[in-house]
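To start, the structure under review is shown below, and the notes come after it.
The values are calculated or read from the model by the stated rules, or taken from the named source; none is laboratory data. These numbers come from a predicted model, not from an experiment. Please note: Cβ atoms are built from the backbone with ideal geometry, for glycine as well, and neighbour counts cover all protein chains shown.
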Amino acid sequence: MASGLTVSKTSRTLAEKILSDKSGGAALAGDIVIAQVDLVFVQDTTGPLTVRQFQAAGFKHPASSIKAALFLDHAAPSPNRELADDHSFLRGFARQTGCFLSDVGDGICHQIVAESLARPGDLILGTDSHTVTAGGLGAFACGMGSTDGATALGLGKTWLRVPESIRVILSGRFPTGVYAKDLILYLIGRIGADGATYRALEFGGDTVSAMSIPERLTVSNMAVEAGAKVGLFPADAMTRDYLAAQGRVSDYRPLSPDRSAIYEDTIEINVTELEPMVSKPHTVDNTAPARELRGTEIQQVVIGTCTNGRLDDLAIAAKIMQGKQRCSRTRLVVAPASRGVLQAAAAPGYLQTLLEAGAVILPPGCGPCLGLHQGVLGAGENCLSTANRNFKGRMGNPDAFIYLGSPATAAATALRGEITDPRELL
Amino acid sequence: MITGCAFKFGSGISTDQIIPGRFAYLRSNLPELAKHAMEDADPTFVSRVKEGDFIVAGSNFGLGSSREHAPLVIKMAGVRAVLAKSVARIFFRNAINLGLPVLLCDTDSINQGDQLEIDLQAGTIRDITNDHRLTFAKIPGIMLQILNEGGLLPYLNKYGDFRLPAGR
């Protein structure tokens, strides 16, 4: 009796579960639903257009059902008067509407969303493609453009196509010198930059319960680099402990896919077999083991961003650089992901270690990742960054070359002046 | 029916090539920003493109950033539709929200400079230069409604809310 309904209710993916909850009905892959949004946020390079579209649509205040937040992080502090005016415009909108404002120096939107706003099971829309980061906490978090963001801000809802899910089953333990960043670079290299377009990537398997939230955030952050709409982890004891450490354990709720959920595809990865990976210019899926790129000279190393600017990342880099000096030909730029990360990195001596190794410490924010300021590359220069994108022109110069790697690979590379497998220094 | 000239691009054209991040300071000055459309993919594009022309690309067009300025500057440059084998999802939504059609089709047979005639309602593309016809994938219901109204803001102005089309 009603077996179809019974099956659908007990065999849902994480994406289907969350979107069913938010749309008030059975939401199955392929369905178009109208879903209630929990959090809408914008940042300083997409926010002004979002606010203008919000006003053009005739909205006066954000819907009362949602949290709304504005982040000044991409160009912080502002490098020129045009972006300073954009900041003023957004501050004015925050004052006028009571939206949460995260100002210059507070940090990157995705880090602060993870630290203080995202909850498992939430539907989160951000006008930034790396909004997917909060999937590490079990939130259906996806990036959208300004007009979609403005509409969600005003109506408190959006339309979504429920994505098919690709299950990524992780087994084994990460070897020494191999990290979550290497896992996600490996996965993107394997499936390609459009390998998960319109899909949800859902991570599971024995390895997941041992992965910290910062590690999960790193993986989810780059789901979009395979084209995915979301990169979802279950919410479990690790999630609860992370939220509890931030004084918001009441935001926790357990979340896992049903055992018989239907996936479009399944990818199995034994992380024990992984090694340090690097994405070569100019696409993220252009990957190779770091050891194969030995001899590639690097003029600038960047440690930071929403992918790898967290405390654990700075700790990994500091451990490798302890008592050592960067190569004299290689600049080292470090940008903590948030004020909290910057403060926390002081007490254990990570900042001091990195400074003594020759690093420039930038204010918390996006830093040089998207080519606005604070480390724009020169023509013909090579950069190795812990960021998520190495597109042509990304760091402000289409004649420069960007490699992506883990904080350990970045630190080892800064010491040697050429791309280095960090296992050689551990 | 819309007619124009094809500007051919390869696969994996990112939003950083469509409108580089280094021009973020111009995002509140759209006419100036639009002068840099496609700059890191083809620096001569803006000087050559004419009102009514088309961008014809390979797969995964518009990957990367959520910046709606990407389809916005393409539209402001005069482009009337983007044809590609596939597009990144955020770019797809952004383009439709601005009333810029994105047509998914096999673009291999179209060459740089070909004259194209597109019938949006019939779903057909005629390459006048090489006398070839092709069809494009049906645009999903709600996106087609938004596109037919000229974008998300005119759609909301008309309906006041999202409406799920029948037979979704």
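Of everything listed in (1) of a type in the set (Ser, Thr, Tyr); (2) within 14 Å of chain B (Cβ to nearest Cβ); (3) outside any helix (DSSP H, G or I), the single unmet condition for A:Thr131 is (3). Here the condition is being in a helix (DSSP H, G or I) and farther than 26 Å from B:Pro20 by Cβ; of A:Ala69, A:Ala114, A:Ala63, A:Ala84, it holds for A:Ala114 alone. Taking every residue in region A:245-262 that is on the phi > 0 side of the Ramachandran plot and pairing it with any residue that is assigned to a loop (DSSP other than H, G, I, E, B), at least 6 positions away or on another chain, yields no pair with a Cβ-Cβ distance below 9 Å.
Against the criterion of being within 14 Å of chain B (Cβ to nearest Cβ), over 20 Å from A:Thr46 (Cα atoms), surrounded by fewer than 22 Cβ atoms within 10 Å (Cβ to Cβ) and modelled with pLDDT of 95 or more, A:Gly358 does not qualify. Looking only at residues of region B:57-72 that are of a type in the set (Gly, Ala, Ser) and more than 9 Å from chain A (Cβ to nearest Cβ), we find that the one that is farthest from the chain's Cα centre (by Cα) is B:Gly58.
In region B:14-29, the residues that are facing chain A (nearest Cβ under 7 Å) reach residues that are surrounded by fewer than 24 Cβ atoms within 10 Å (Cβ to Cβ) and of a type in the set (Lys, Arg) with C-beta atoms within less than 8 angstrom, at least six apart or across chains, in these pairs: B:Ser14/A:Lys392; B:Asp16/A:Lys392; B:Gln17/A:Lys392. Just one of the numbered conditions (1) facing chain B (nearest Cβ under 9 Å); (2) out of contact with any Phe, Trp or Tyr (no Cβ under 6 Å at 6 or more places or on another chain); (3) in contact (Cβ under 8 Å) with a residue 60 or more places away in the chain; (4) among the aliphatic types (A, V, I, L, M) is not true of A:Ile124: (1). Here A:Ala152, A:Ala196 are screened, and the one residue that is buried (at least 20 other Cβ atoms within 10 Å of the Cβ), in contact with a Gly (Cβ under 8 Å, 6 or more places away or on another chain) and within 11 Å of chain B (Cβ to nearest Cβ) is A:Ala196. Restricting to region A:127-148, count the residues that are of a type in the set (Gly, Ala, Ser) and within 27 Å of A:Ala237 (Cβ to Cβ). Total meeting the criteria: 6.
Being in contact with an Asp or Glu (Cβ under 6 Å, 6 or more places away or on another chain), more than 12 Å from chain A (Cβ to nearest Cβ), in a loop (DSSP other than H, G, I, E, B) and within 29 Å of B:Ile142 (Cα to Cα) narrows it down to one residue among B:Gly4, B:Gly78, B:Gly52; which is it? Going through B:Gly4, B:Gly78, B:Gly52 in turn, just one is in contact with an Asp or Glu (Cβ under 6 Å, 6 or more places away or on another chain), more than 12 Å from chain A (Cβ to nearest Cβ), in a loop (DSSP other than H, G, I, E, B) and within 29 Å of B:Ile142 (Cα to Cα): B:Gly78. Taken over region A:49-72, the criterion of being touching an Asp or Glu at 6+ places or on another chain (Cβ under 8 Å), more than 12 Å from chain B (Cβ to nearest Cβ) and touching a residue at least 40 places away in the same chain (Cβ under 8 Å) is satisfied by A:Ile66, A:Lys67, A:Phe71.
Can we say A:Gly25 is assigned to a loop (DSSP other than H, G, I, E, B) and within 10 Å of chain B (Cβ to nearest Cβ)? Here the answer is no, as A:Gly25 does not meet what is asked.
Of all the residues that make up region A:285-310, how many are in contact with a Phe, Trp or Tyr (Cβ under 8 Å, 6 or more places away or on another chain) and of a type outside the set (S, T, N, Q)?
Matching residues across region A:285-310 total 2.
The residue of region A:253-292 that is nearest to A:Leu28 (Cα to Cα), among those that are exposed (fewer than 14 other Cβ atoms within 10 Å of the Cβ) and hydroxyl-bearing (Ser, Thr, Tyr), is A:Ser260.
Among the residues in region B:30-48, are any on the phi < 0 side of the Ramachandran plot, crowded, with 21+ Cβ neighbours inside 10 Å, of a type in the set (S, T, N, Q) and part of a loop (DSSP other than H, G, I, E, B)? No: region B:30-48 contains no residue that is on the phi < 0 side of the Ramachandran plot, crowded, with 21+ Cβ neighbours inside 10 Å, of a type in the set (S, T, N, Q) and part of a loop (DSSP other than H, G, I, E, B). Of all the numbered requirements in (1) within 13 Å of chain B (Cβ to nearest Cβ); (2) closer than 14 Å to A:Asn308 by Cβ; (3) not β-branched (Val, Ile, Thr), A:Tyr403 misses one, and that requirement is (1).
Just a yes or no: is a residue in region B:2-17 touching a strand residue (DSSP E or B) at 6+ places or on another chain (Cβ under 6 Å) and at pLDDT below 95? Checked region B:2-17: at least one residue is touching a strand residue (DSSP E or B) at 6+ places or on another chain (Cβ under 6 Å) and at pLDDT below 95. Of the residues making up region A:155-181, those that are of a type in the set (D, E, K, R) and either part of a loop (DSSP other than H, G, I, E, B) or more than 11 Å from chain B (Cβ to nearest Cβ) (or both) are A:Glu164, A:Arg167, A:Arg173, A:Lys181.
On the stretch given as region B:122-168, residues that are assigned to a loop (DSSP other than H, G, I, E, B), among the basic types (Lys, Arg) and either within 13 Å of chain A (Cβ to nearest Cβ) or surrounded by 14 or more Cβ atoms within 10 Å (Cβ to Cβ) (or both) total 2.
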